[in-house]
Amino acid sequence: METFAQIVRSRLGDGAAGLRFEDREWTWDEVVREGAVRAAALARLVPGPPAGERRQVHVGVLLENVPDHVFWIAGASMAGAVVVGLNSSRSGPELARDVRHADVDLLVTEDRLAHLLHGAEHGVPPDRVLVVDHPSYDAALAPHRGADVPEELPPAEAVALLLFSSGSTGAPKAVVVSQGRLGRLTEALVERVRLRRDSVTYLCMPLFHGNAVMLNLATAMRVGATVAMARRFSAGGFAEDVHRHGATFVNYVGRALSYVLSRPEGPRDRTSTLELAFGTEASEVDVARFAERFGCEVVEGYGMSEGVFRVARTPDTPAGALGVPAGGADVRVLDEATGEECPRAVLEASGRLLNPEAVGQMVAIGGAASFEGYWRNPEATADRVRGEDFWSGDLAYRDEQGFLWFAGRSSDWLRVDSENFAAAPVERVLARVPGVLSAVVHAVPDPATGDQVMCALELLPGARFDPDAFGTFLAAQPDLGAKWWPRFVRVTPAVPLTASGKVDKAPLRRAAWLTGDPVWVRVGRTSAYALLDEAGRRAIERDFAAHGRSALLPAQPGA
């Protein structure tokens, strides 16, 4: 099918179970008709643009995974409106910024999240803020009950979704996803995640994220499978939900598998109905343990909300590697400074990279034309598009056999425990530490999944680093996110600079904690820091090995 709206409408008249939530169930026909109610309500709630002006209505959805989230995705798509996914983990002022940036016309939220919008200068009039569990919401929809399903659907080039990603300046970017791209992607992913009419998907990842919409909801809708939806991910409730619903498929991101595995195994786990878990960023060890525990296959893949290219594992992909570009896409690893292709990686037996110059940014050659850009952010769009090529912002290296290996994030943002954030806000907090002249934050690999935070500090002349005072200061900073705490602190005489005087993070990333400068490591989740010695470094290496991620360890100096 050409568009996502056509996929939604194709379920009209389908009496099979479409959506399950808690103790309720809707057929796919009922889901589509609930969408039609909201499509009709949009026309009354948001006046159309002036004559001669073509502009889509933008619906900001600040909901957990509740049925109305699905109904608004369905309704807005058929009405030709844009769904703006709003991240409920962000603060009120941050959400207000996102709402303004995305030109939201109508806000849909629920009572447990509505406080995030109170007093925030988001710019949406009070009569266009709908709270789904208030009587006024039912009153707003009541006149449109029984509305016809739209016959005229939006064209392929119309925007379907704005999905917020992370930006290098600390402000997230809104990825544009058109009706056509979402439709084409859904067709491709149905085969990749092997959904059938009799599949039951377990949807527990947040619907404001592309992973949940693209891998689960849209694909299930395409084949008419059943979606069993949880309000939010719960490690304790995961297995029980899978068994109760007879789930055959689940999508995941980051540490989700690890959290599930941290819970005691149940008597039904090894004979579960799960057939496939599909996601990204799980460690090799967690993949194997999860597959054994639930008797299913676990498939890791690489993809982006921006689209453009995917990397898929093949049967001969080495353990720990991403795989090869899907569909024969021309994806190369290029040096971020020169734009030249990096040399092939040299790996020791343990998988550790011996030539750090092999690390560069994954670039889709000739792929810029398929990138639909970031909403109202030409600078960020330009950072991804260089001529006809698309620069992903993700680091990798390619081995002699042609397999791509993930090497972390680009220097200006990090992903810790499935949360993306930019380095700049963290640097601003660290710059306030007494005695600090310059603070540079970058990502280093986590032993299990994703990144850890490392910072390099250049001190004022005569100042000395006091780990106790440093930790005490950070603990008192209200704007320091819980996941922003530096795991490693390197104290260096001078941070490296480029010829133009800008900070050069590349050598800091390459060295990580393997440097002649003193490095301090955070003690658990406390505010204490201890000097990292050789025994500590060996312990870190053992942790990486235990998770099958030795390939991500920094190269030994002089290797």
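Please treat every number below as a calculation from the coordinates, not as lab data. The shown structure was predicted, so the numbers you read here are calculated from the model rather than taken from an experiment. Every residue, glycine as well, gets a Cβ built from its backbone with ideal geometry; the counts of neighbours run over all protein chains shown.
Give the shape of region 235-281 as rounded, prolate or oblate, defined through the alpha-carbon gyration tensor: a ≥ b ≥ c are the square roots of its eigenvalues, a/c under 1.5 means rounded, and otherwise the shape is prolate if a/b is larger than b/c and oblate if not. Here region 235-281 falls in the oblate category. Taking the simple approach of a point 7 Å from Cα along Cα-to-Cβ for both ARG44 and SER527, what is their distance in nm? The two pseudo-label positions are separated by 5.5 nm.
Across all directions, the average projected area of the convex hull around the alpha carbons of region 218-329 is 7.8 nm².
Rounded to whole Å and ordered largest first, report the semi-axes of the equivalent ellipsoid of region 306-409 derived from its Cα gyration tensor (root of 5λ).
Semi-axes, largest first: 25, 15, 11 Å.
Starting from the Cα gyration tensor of region 413-552, take the square roots of the eigenvalues, sort them a ≥ b ≥ c, and report rounded, prolate or oblate (rounded when a/c is under 1.5, otherwise prolate if a/b is larger than b/c, else oblate).
On the way: a/c = 1.36, a/b = 1.27, b/c = 1.06.
Rounded is the answer for region 413-552, as its axis ratio a/c remains below 1.5.
Here the Karplus curve 6.51 cos²θ - 1.76 cosθ + 1.60, taken at θ = phi - 60°, turns the phi angles of region 107-112 into couplings of 10, 10, 9, 9, 4, 6 Hz, with x standing for Gly and Pro. Check VAL84: other-chain or 5+ apart residues with amide H under 5 Å from its amide H, H built from backbone geometry? Counting only residues 5 or more places away or on other chains, the set is VAL59, GLY60, VAL61, LEU162. Once both labels are positioned 7 Å from their Cα atoms along Cα-to-Cβ, the gap between ASP543 and GLN477 label points is 2.1 nm.
Mind listing which trypsin sites (Lys or Arg not before Pro) in region 411-500 are in a DSSP loop and have 15 or fewer other Cβ atoms within 10 Å?
On the way: sites: ARG415, ARG428, ARG432, ARG464, LYS483, ARG487, ARG490; in loops: ARG432, ARG464, LYS483, ARG487.
Passing sites in region 411-500 are ARG432, ARG464.
Restricting to DSSP loop positions (anything but H, G, I, E, B) with no more than 13 other Cβ atoms inside 10 Å of their own Cβ, which trypsin sites (Lys or Arg not before Pro) remain in region 251-337? Please list the in-between numbers first.
Details: sites: ARG255, ARG268, ARG270, ARG289, ARG293, ARG310, ARG313, ARG332; in loops: ARG255, ARG268, ARG310, ARG313.
Passing sites in region 251-337 are ARG268.
Under 5 Å from the amide H of LEU437 lie the amide H atoms of GLU458, LEU459, LEU460, each residue being 5 or more positions distant or on a separate chain, with H modelled from the backbone and absent for Pro and chain starts.
Here is the list for region 360-392: GluC sites (Glu not before Pro) lying in DSSP coil, each with at most 12 other C-beta atoms within 10 angstrom of its C-beta, are GLU388. Couplings 3J(HN,Hα) for region 212-224, derived from phi with the Karplus relation 6.51 cos²θ - 1.76 cosθ + 1.60 (θ = phi - 60°), are 6, 5, 6, 7, 10, 4, 5, 5, 5, 5, 4, 9, x Hz, where x marks Gly and Pro. Looking at the chain alone, DSSP beta bridges between its own residues are antiparallel in about 60 percent of cases.
Once the Cβ-Cβ distance between GLU340 and LEU514 is put in as r, and R0 is 22 Å, what FRET efficiency do you end up with, to the nearest 0.05?
Working: r = 26 Å, r/R0 = 1.16.
Taking R0 as 22 Å, the efficiency between GLU340 and LEU514 is 0.30.
Of the peptides 240-250, 338-348, the order by per-residue mean of other Cβ atoms within 10 Å, starting with the highest, comes out as 240-250, 338-348.
Under 5 Å from the amide H of ARG386 lie the amide H atoms of TRP391, each residue being 5 or more positions distant or on a separate chain, with H modelled from the backbone and absent for Pro and chain starts. Treating each Cα of the chain as one equal point scatterer and applying the Debye formula with no solvent, the log10 of I(q)/I(0) at q = 0.05 Å⁻¹ comes out as -0.21.
Highest average first, the peptides 211-224, 468-481 ordered by how many other beta carbon atoms sit within 10 Å of their residues are 211-224, 468-481. Each residue of region 63-74 was assigned a 3J(HN,Hα) from its phi angle through the Karplus curve 6.51 cos²θ - 1.76 cosθ + 1.60 (θ = phi - 60°); the sequence is 9, 6, 6, 10, x, 4, 4, 5, 4, 6, 4, 5 Hz, with glycine and proline shown as x. Dividing the summed -39500 (n - 2.57) terms of all DSSP H runs of n ≥ 4 by the residue count of the chain sets its mean residue ellipticity at 222 nm at -7500 deg cm²/dmol. Calculated FRET efficiency, ALA382 to ASN355, Cβ-Cβ distance, R0 = 35 Å: about 0.70 to the nearest 0.05.
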